[in-house]
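S.K.: Have a look at the structure that comes next, please.
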Amino acid sequence: MKNNRIGLILVGSMLAVIALVVTLLLQRQQTEHAEQVRAQGLGMVRSLAALPVPVLVPGKGVPGVLDSILAYRDNPDFAYAAVSLDNGRNLAEVVSAGTIVPPSAPLALTGFAERAIPSSQNGRAIREFHGPLASADEKMQVRIGYFEPRTPFNMKDLPFYALIALAMFLLVPLIYVVIKREMAPLAALGEQLRTAAAGQTVPAMVPDADADVRGLAHKLNRYLDQASARIRELEQESVASMASGRLLEYGSNKMQAVLQCLPDGLLVLDPAGEVTFATGKIEPLLGVPVTEVLSQPVEAWCRDPELRAMLARFRSAGLDARSQMTIEFNPARVPDKRLWATAQALTGHAMAYGTLVVLRDATREHLARQAGNDFVAHVAHELKSPLNVIGMYGEMLADDDVDAAVRVEAINVIQDEVERMTSLVNNLLNVSKLEMGSMRPERHRVKLDDLLRDAWQQARSRAESRGIRLDLQVARDLAAVSVDKDLLRIALNNLLNNAIKYNQAGGSVVLAAEEGDADVVIAVRDSGIGMTPEDREHVTEKFFRVRESGSEQRGGHGLGLYLTNQIVELHHGRLTIDSELGHGSVFSIHLKKMPALVEGGQVL
Amino acid sequence: MNKRTILLVDDEPHVIRVLRLMLEREGYEVASANDGAEALEKMHARRPDVMVSDIQMAGMDGRELCRTARERYPDERFPIFVMTSMTASSEREWVRDLPDVDFLEKPLSPRQLIVRLATHFANAATQQENTHAA
């Protein structure tokens with residue numbers, strides 16, 4: 001543990017400091033002692049050196065000054081005092097017990113001096129002070145020796161040291177405990193932080209500690225609160241921005257999908273004329289895949305001069321930014337298509353940033369328009385032809401000198417042409433109703449024999465006037481069918497008219513009805529001119545007319561069989577044609593039989 | 001003097017019938033054809049003095065008939081009257097490089113045709129006299 005290591009380091013450094021202090025103390029004590037000894041020794045040597053020799057070296061049996069001054073000095077450090085000659089002989093000496101006076105050393109020129117005598121085998125180290133005797137003739141010197149302090153440790157200081165050591169000893173754990181106690185809230189704080197870091201939540205910390213730590217903890221708590229609030233804020237922001245990013249992406253994807261689903265092709269060009277966006281629909285419209293268009297200038301992919309001219313106009317700055325322009329053209333690569341291209345300048349913040357081009361397939365509209373024009377032209381022609389004939393015969397009749405036979409012929413032709421025009425106009429109205437979807441068959445349960453007899457009656461006079469026999473062969477008790485009477489009548493009339501029209505004098509037409517397993521078949525059989533298999537394929541197409549080779553004009557207008565077929569299909573039936581050129585045709589309407597009795601069915 | 005021959009071309013038999021009746025009464029000899037091909041056959045057998053033709057016909061139509069006739073007989077420029085209901089000038093462009101082709105408005109008045117023919121033959125007679133005199 002870190003705290004423990006800090007504690008140990010503290011204890012160790014504390015001990016080191018104590019040791020250092022003690023050492024310094026001892027050293028100082030020692031130095032003081034040495035100074036004291038030196039002062040005493042030198043002082044003593046000087047004062048002794050001033051004394052006359054006889055006083056210092058008395059005769060035998062007479063106690064010398066040396067003895068009296070020094071013998072009773074209570075100094076445990078005192079080793080010896082001696083008066084010696086230079087040759088080493090001691091004239092007088094006072095020695096502490098157990099000590100031998102070492103031999104004297106020659107005096108130095110300076111006179112008073114000291115010297116250290118290392119400890120010999122039987123004695124302690126000695127510091128000697130010496131000086132010349134002033135009154136002596138011969139070279140004599142006074143020497144006083146003191147023991148060097150044996151050991152710096154003084155036993156009498158032991159209690160003191162012990163006291164200090166004890167205090168230290170007691171202090172160290174105290175300090176350690178105090179530190180430990182002081183560290184405890186911090187450690188708790190650390191532990192809390194650690195768990196807080198592991199878990200995501202940051203707990204509020206109110207540690208049981210003193211003011212400083214509490215302050216720290218408070219600050220830390222406040223900081224953590226702020227930090228966690230900020231983190232929450234950031235998290236919320238990030239969630240929000242992620243959500244808005246997703247929304248944007250979703251919106252963009254949706255928009256792209258919508259644009260791609262549009263039936264129109266879209267192109268966006270930047271101001272330089274390069275394509276920055278294109279939907280897949282341009283491929284079927286222009287015949288160029290999107291990949292060949294993107295990031296390409298118009299000239300690189302567009303082969304349509306009209307489109308290029310329009311885009312060039314939009315690129316040049318001259319054009320008013322708000323303007324829109326539409327052209328219609330046949331794309332060069334897909335020539336059977338007709339396109340509308342609308343260009344719109346894209347502007348914002350008073351600058352143009354490109355052009356939007358919408359390509360629309362107008363083939364159908366174009367064809368419809370064309371078909372409409374063709375239809376009008378065709379109908380006009382069909383109406384003009386009988387009018388032309390009527391006018392001519394009319395003009396001829398106005399002449400006075402017309403043969404009676406020609407007059408009859410003229411009247412007949414005029415009647416025929418009027419009939420032809422009436423039939424054309426009726427059929428036109430019916431076709432128009434049919435194509436507008438407003439022709440809804442009102443189906444009722446119908447007994448076919450009455451209906452067929454009616455139609456037969458009506459057509460008979462016309463047939464007879466052309467020398468054609470019209471027969472009716474309807475089986476008895478024919479099953480009822482569900483049809484719109486009026487519509488079926490139109491279909492029948494058209495078939496009968498054709499059978500009479502495309503016939504020759506002496507020919508015959510049979511209107512027959514038979515019952516099959518599931519259906520009722522109405523057949524119009526004629527002995528007329530018939531048609532080729534090729535014509536038979538197309539005969540129910542709108543405005544199709546069989547090319548007539550004979551000199552006689554039949555006056556068809558190409559709507560009768562078309563209408564008949566449509567009416568039969570409205571009844572969920574089918575029209576079959578059997579024909580041989582020169583031998584006549586059979587047109588059959590197959591209608592589903594009605595169940596024997598249908599509830600609510602009405603028999604008319 | 002030989003009778004003047006008029007070739008009538010129309011796929012509408014009634015038109016031919018009326019015009020034949022009226023023109024024959026005026027003393028013209030009338031030949032008729034149902035379509036362009038038949039007209040060319042008749043033309044080959046005998047060149048008419050005037051041809052009167054419809055435009056809209058199945059098979060070879062009036063325009064093609066006129067062009068073929070002019071190509072086939074470049075030296076015999078008998079006048080051609082084309083009957084049309086198309087009044088727009090753009091519909092009449094095609095005759096620009098065909099000499100002696102003129103239009104008759106539909107619905108056609110037979111009497112008007114008779115007047116046009118009479119005027120044409122009168123003019124032709126004066127021209128011939130002038131060339132003779134010169």
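The values are calculated or read from the model by the stated rules, or taken from the named source; none is laboratory data. Given the structure is predicted, the values throughout are model-derived calculations rather than measurements. No Cβ is skipped: glycine too gets one built from the backbone with ideal geometry, and neighbour counts run over all protein chains shown.
S.K.: Please return the ranges of helices (runs of 4 or more DSSP H) entirely within segment A:261-301 where 2 or more residues are touching a helix residue (DSSP H, G or I) at 6+ places or on another chain (Cβ under 6 Å) and modelled with pLDDT under 90.
M.R.: Counting at least 2 such residues, we get A:290-293, A:298-301.
S.K.: Which condition from (1) within 13 Å of chain B (Cβ to nearest Cβ); (2) modelled with pLDDT under 85; (3) in a helix (DSSP H, G or I) is the one that residue A:375 breaks?
M.R.: All conditions are met except number (1).
S.K.: Just one of (1) among the hydrophobic types (A, V, I, L, M, F, W, C); (2) surrounded by fewer than 16 Cβ atoms within 10 Å (Cβ to Cβ); (3) assigned to a loop (DSSP other than H, G, I, E, B) trips up residue A:367, so point out which.
M.R.: Answer for residue A:367: the failing condition is (3).
S.K.: Please tell me if residue B:53 is without any contact (Cβ under 8 Å) to a residue 60 or more places away in the chain, more than 13 Å from the chain's Cα centre (by Cα) and under 21 Å from residue B:24 (Cα atoms).
M.R.: For residue B:53, the condition - without any contact (Cβ under 8 Å) to a residue 60 or more places away in the chain, more than 13 Å from the chain's Cα centre (by Cα) and under 21 Å from residue B:24 (Cα atoms) - is not met.
S.K.: For segment A:378-390, which positions are more than 8 Å from every other protein chain (Cβ to nearest Cβ) and either in a loop (DSSP other than H, G, I, E, B) or surrounded by fewer than 18 Cβ atoms within 10 Å (Cβ to Cβ) (or both)?
M.R.: Passing the criteria: A:378, A:379, A:383.
S.K.: Looking only at residues in segment B:83-134 that are of a type in the set (D, E, K, R) and assigned to a strand (DSSP E or B), which one is farthest from the other protein chains (Cβ to nearest Cβ)?
M.R.: B:102
S.K.: Give, as residue ranges, the strands (runs of 3 or more DSSP E) completely inside segment A:81-149 that count at least 1 residues that are under 20 Å from residue A:38 (Cα atoms) and modelled with pLDDT under 80.
M.R.: By residue number, A:90-95.
S.K.: On to the next question. Restricting to segment B:60-82, what's the tally of residues that are part of a loop (DSSP other than H, G, I, E, B) and free of Cβ contacts under 8 Å to residues at least 40 places away in the same chain?
M.R.: Residues that pass the stated criteria total 8.
Here is a yes/no grid of residues against (1) buried (at least 18 other Cβ atoms within 10 Å of the Cβ); (2) under 30 Å from residue B:17 (Cβ atoms); (3) out of contact with any Ser or Thr (no Cβ under 9 Å at 6 or more places or on another chain):
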| position | (1), (2), (3) |
| --- | --- |
| A:471 | no, no, no |
| A:476 | no, no, yes |
| A:502 | yes, yes, no |
| A:516 | no, no, yes |
| A:560 | yes, yes, no |
| A:567 | yes, no, yes |
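S.K.: If we keep just the residues of segment B:14-37 that are surrounded by fewer than 20 Cβ atoms within 10 Å (Cβ to Cβ) and out of contact with any helix residue (DSSP H, G or I) (no Cβ under 8 Å at 6 or more places or on another chain), which is nearest to the other protein chains (Cβ to nearest Cβ)?
M.R.: Taking the candidates together, the pick is B:25.
S.K.: If the requirement is being exposed (fewer than 13 other Cβ atoms within 10 Å of the Cβ), of a type outside the set (A, V, I, L, M) and either free of Cβ contacts under 8 Å to residues at least 40 places away in the same chain or closer than 30 Å to residue A:272 by Cβ (or both), which of these qualifies: A:354, A:372?
M.R.: A:372
S.K.: Right, something else. For segment A:393-430, which residues satisfy the criterion of being in contact (Cβ under 8 Å) with a residue 24 or more places away in the chain and in contact with a Phe, Trp or Tyr (Cβ under 7 Å, 6 or more places away or on another chain)?
M.R.: A:413, A:414
S.K.: Oh, and also: Among the numbered criteria (1) surrounded by fewer than 18 Cβ atoms within 10 Å (Cβ to Cβ); (2) under 23 Å from residue A:347 (Cβ atoms), which single criterion is violated by residue A:265?
M.R.: Condition not satisfied by residue A:265: (1).
S.K.: Does segment B:42-59 contain at least one residue that is in contact with a His (Cβ under 7 Å, 6 or more places away or on another chain) and part of a loop (DSSP other than H, G, I, E, B)?
M.R.: Within segment B:42-59, one or more residues are in contact with a His (Cβ under 7 Å, 6 or more places away or on another chain) and part of a loop (DSSP other than H, G, I, E, B).
S.K.: Continuing with the same structure: I need every pair where a residue in segment A:17-40 that is in contact (Cβ under 8 Å) with a residue 40 or more places away in the chain has its Cβ under 6 Å from the Cβ of a residue that is in a helix (DSSP H, G or I), sequence separation at least 6 or different chains.
M.R.: If the second residue must be in a helix (DSSP H, G or I), the pairs left are A:18/A:168.
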